[in-house]
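*Asks:* One structure follows; several queries about it will come next.
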Amino acid sequence: MSSADALYVTTPIYYVNDVPHIGHAYTTLACDTMARFARLDGRRVRFLTGTDEHGQKVEQAAAAKGLTPKLFTDQVSERFRTLADRMALTNDDFIRTTEDRHKRGVQALWRELARRDQIYLGSYAGWYSVRDEAFYAESELIDGRAPTGAPVEWVEEPSYFFRLSAWQEPLLRLYEERPDFILPATRRNEVVSFVRGGLQDLSVSRTSFRWGVSVPDDPDHIVYVWLDALTNYMTAVGYPDVESELFRTFWPADLHVIGKDILRFHAVYWPAFLLAAGLEPPRRIYAHGWWTVEGQKISKSLGNVIDPYDLMETYGLDQTRYFLLREVPFGNDGDFSRAAMINRMNHDLANDYGNLVQRVLSMIQRNCGGQVPAPGELSAEDRGLLEASGALLERVRAEMAVQALSRALELIFEVIGAANRYVDAQAPWALRKSDPGRMATVLYALAETIRRLALLTQAFVPDGSARILDQLAVPEEARTLTSFAGEGAGLVPGTPLPAPSGVFPRFVEASPSMPIETVAPRK
Ligand code: MSP
């Protein structure tokens, strides 16, 4: 049983048949934000990402490039790792399914399933989609293709089967007893009705290609790539060594974040494999939606694949993070457009958040001798603002507990809006001569509110938040959420502050005469 204060969060492991795109970056950024938030909140965190390197799809992609699968996977996996570095992700580990630690774990899980009579030898005759790496029943096909639109081929070969049909009732019980096992709720309903419809035993080995983990004691068979891939979540924390410190601290995983297309593998097959092997299933599967670009499906043939490097280069890392996490409620589909991206970064980050910080810090610099001002007696308005910012931690924490990332940002930005209105209403610049004591109180309430906001936004926009905390002279050790409120928390009047500088710049078009709406999407 994993420790109560631990958080083990994972991304899917990415197929290396392709270069990373915005869809991959999205899942990883979301998990990174959850991991950062939990760390700031004092929890022990393990954040895992990696690459899925076996299977027919990867074997074919390597052949198309004239490379051996090993060389090919080494190269492409490296691109995912470099992206993780460039995006300053805080993953604690990066697993590759071609590593020995992983292969050993897959074989151990197989042996355990076989020992418990959960696997038997038979032969498979049916449809297979290499693109989805999935088997489909005749009844699922639509116009001769998989329901995902992927081409299918007829496969007939000897195969081991997993007794998935025996797990229908236990799975339904699991969904029943743990209503938040699959989130959002609409996805849960989909899975429940799929499982209620009955489960067939699942083919879990292939003999028609070689690139994968061999079945123990029967090396003609290669372990089905999904059984291989899913096991990464356990091998990365030490499986089969279930007594290891890592495994005991972090298994079962708290959260597997995935895209909606791979829900069945995670919410049906994976818990069934685990239950069948006498292991605990993960605590939650969260399926997010899919991104389109300027209204169109992302596809290589349409040439609209957005390279995450380009996004970061053009708009900035914080801005990319903010857009992706704020633009759509986590779980829904979203559309990336250049206009929406620029609108978000200019409106929310530059005008609302950046401007608040800039106004307040420059007034303090100019009018309070560059030191945290000392507050006098608080008015109802001052208390109102401080109470609103003080209540944010609990409210944001509650949203983060259900992965409602955009909602968490919405709450934070409501307080940013309230703080901007408070500045306008209190007009501290006008108090400079008439009532400097009152001006100091107003600026104190604002600076303290900004401190709290920046503590909370660290998980979402880490660079900008760190710069705000630098400008408020908040020491490194006081940047966790345990320093949010309570004894000794809060800005100390008289603390010298460095000269302020802008935090979230506006995006300025190369040709300012051209309105954003008429700029053609980038090729
Ligand atoms: N290798 C499997 C996962 C194995 S996990 C044990 C896989 N890999 S993938 O590279 O094809 O996809 C990885 C993730 O990227 C999936 O969660 C998928 O939903 C996500 N996305 C791919 N395109 C996407 C969008 N256009 N938008 C959002 N996410 C998308 O599946």
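The values are calculated or read from the model by the stated rules, or taken from the named source; none is laboratory data. Just so it is clear, the model here is predicted, and its values are computed rather than measured. As a convention, Cβ positions derive from the backbone with ideal geometry for all residues, glycine included, and neighbour counts pool all protein chains shown. Remember, those area values only see protein heavy atoms, side chains included, never the ligands or the DNA or RNA. Shrake-Rupley method; radii C 1.70, N 1.55, O 1.52, S 1.80 Å.
*Asks:* Give the range 151-198 a look and list any residue that's of a type in the set (F, W, Y) and closer than 28 Å to R111 by Cβ, or say none.
*Replies:* Correct list: Y160, F161, F162, W167, F181.
*Asks:* To continue, here is another question. Quick check: anything in the range 114-131 part of a loop (DSSP other than H, G, I, E, B) and within 29 Å of the chain's Cα centre (by Cα)?
*Replies:* Yes - at least one qualifying residue is present in the range 114-131.
*Asks:* Restricting the search to the range 4-17, which residues are part of a loop (DSSP other than H, G, I, E, B) and near the ligand (Cβ under 7 Å from one of its atoms)?
*Replies:* Once the filter is applied, which keeps residues that are part of a loop (DSSP other than H, G, I, E, B) and near the ligand (Cβ under 7 Å from one of its atoms), the range 4-17 yields P12, I13.
*Asks:* List the pairs whose first member sits in the range 10-35 and is closer than 22 Å to M234 by Cα, whose second member is among the acidic types (D, E) and near the ligand (Cβ under 8 Å from one of its atoms), and whose Cβ atoms are under 9 Å apart, counting only residues at least 6 apart or on separate chains?
*Replies:* The qualifying pairs are P12/D52; I13/D52; Y14/D52; Y15/D52; Y15/E133; V16/D52; H24/D18.
*Asks:* Identify the residue in the range 408-444 that is within 38 Å of the chain's Cα centre (by Cα) and within 20 Å of A374 (Cβ to Cβ) and, among all such residues, is surrounded by the most Cβ atoms within 10 Å (Cβ to Cβ).
*Replies:* V442
*Asks:* Do we find a residue being in a helix (DSSP H, G or I), open to solvent by 30 Å² or more (accessible area, probe 1.4 Å) and within 14 Å of the ligand (Cβ to nearest atom) anywhere in the range 325-333?
*Replies:* Taking every residue of the range 325-333 in turn, at least one turns out to be in a helix (DSSP H, G or I), open to solvent by 30 Å² or more (accessible area, probe 1.4 Å) and within 14 Å of the ligand (Cβ to nearest atom).
*Asks:* Report whether or not R101 is closer than 15 Å to D218 by Cα, open to solvent by 30 Å² or more (accessible area, probe 1.4 Å) and assigned to a helix (DSSP H, G or I).
*Replies:* So R101 does not fit the description; no.
*Asks:* If you don't mind, another one. Go through Q403, Q365 for me and flag whichever is at pLDDT 95 or above and open to solvent by less than 50 Å² (accessible area, probe 1.4 Å).
*Replies:* The unique qualifying residue is Q403.
*Asks:* Take the residues in the range 145-170 that are touching a strand residue (DSSP E or B) at 6+ places or on another chain (Cβ under 7 Å) and of a type in the set (F, W, Y); name whichever of them is most open to solvent (accessible area, probe 1.4 Å).
*Replies:* Across the range 145-170, the extreme among qualifying residues is W154.
*Asks:* Filter the range 79-88 for residues that are surrounded by 13 or more Cβ atoms within 10 Å (Cβ to Cβ) and part of a helix (DSSP H, G or I) and give the result.
*Replies:* R79, F80, R81, L83, A84, R86, listed by residue number.
*Asks:* Okay, next question. Taking the range 334-350, which residues are assigned to a helix (DSSP H, G or I), within 16 Å of the ligand (Cβ to nearest atom) and in contact with a Phe, Trp or Tyr (Cβ under 6 Å, 6 or more places away or on another chain)?
*Replies:* Hit for the range 334-350 is M341, nothing else.
*Asks:* For the range 409-445, what are the residues that are free of Cβ contacts under 8 Å to residues at least 24 places away in the same chain and of a type in the set (G, A, S)?
*Replies:* Residues satisfying the conditions are A427, A430, S434.
*Asks:* Give me the pairs, please: first residue somewhere in the range 298-318 and farther than 14 Å from R79 by Cβ, second residue anywhere and acidic (D, E) and surrounded by 14 or more Cβ atoms within 10 Å (Cβ to Cβ), beta-carbon distance under 6 Å, and either six or more positions apart or on two chains.
*Replies:* As it stands, the answer is D318/D463, since those pairs meet every condition given.
*Asks:* For residues in the range 228-256 being of a type in the set (V, I, T) and within 16 Å of the ligand (Cβ to nearest atom), which is surrounded by the most Cβ atoms within 10 Å (Cβ to Cβ)?
*Replies:* Here the answer is V237.
*Asks:* Out of R338, R383, which single residue is free of Cβ contacts under 8 Å to residues at least 12 places away in the same chain and out of contact with any Ser or Thr (no Cβ under 8 Å at 6 or more places or on another chain)?
*Replies:* Going through R338, R383 in turn, the sole match is R383.
*Asks:* A further question follows. Among the residues of the range 43-70, how many are open to solvent by 10 Å² or more (accessible area, probe 1.4 Å) and not in a strand (DSSP E or B)?
*Replies:* Within the range 43-70, residues that are open to solvent by 10 Å² or more (accessible area, probe 1.4 Å) and not in a strand (DSSP E or B) number 14.
*Asks:* I need the full set of residues from the range 14-42 which are open to solvent by 20 Å² or more (accessible area, probe 1.4 Å), among the hydrophobic types (A, V, I, L, M, F, W, C) and under 17 Å from the mean Cα position of the chain (by Cα), in order please.
*Replies:* Listed by number, the list holds a single entry, L40.
*Asks:* In addition: Could you tell me whether the range 257-278 includes any residue that is open to solvent by 10 Å² or more (accessible area, probe 1.4 Å), basic (K, R) and within 13 Å of the ligand (Cβ to nearest atom)?
*Replies:* yes
*Asks:* If only one of V76, V106 is on the phi < 0 side of the Ramachandran plot, in a helix (DSSP H, G or I), modelled with pLDDT of 95 or more and open to solvent by less than 10 Å² (accessible area, probe 1.4 Å), which one is it?
*Replies:* V106
*Asks:* Kindly establish whether A430 is in a helix (DSSP H, G or I) and in contact with a Pro (Cβ under 7 Å, 6 or more places away or on another chain).
*Replies:* No.
*Asks:* From G50, G66, G55, which residue is touching a residue at least 24 places away in the same chain (Cβ under 8 Å) and either basic (K, R) or more than 27 Å from T320 (Cα to Cα) (or both)?
*Replies:* G55
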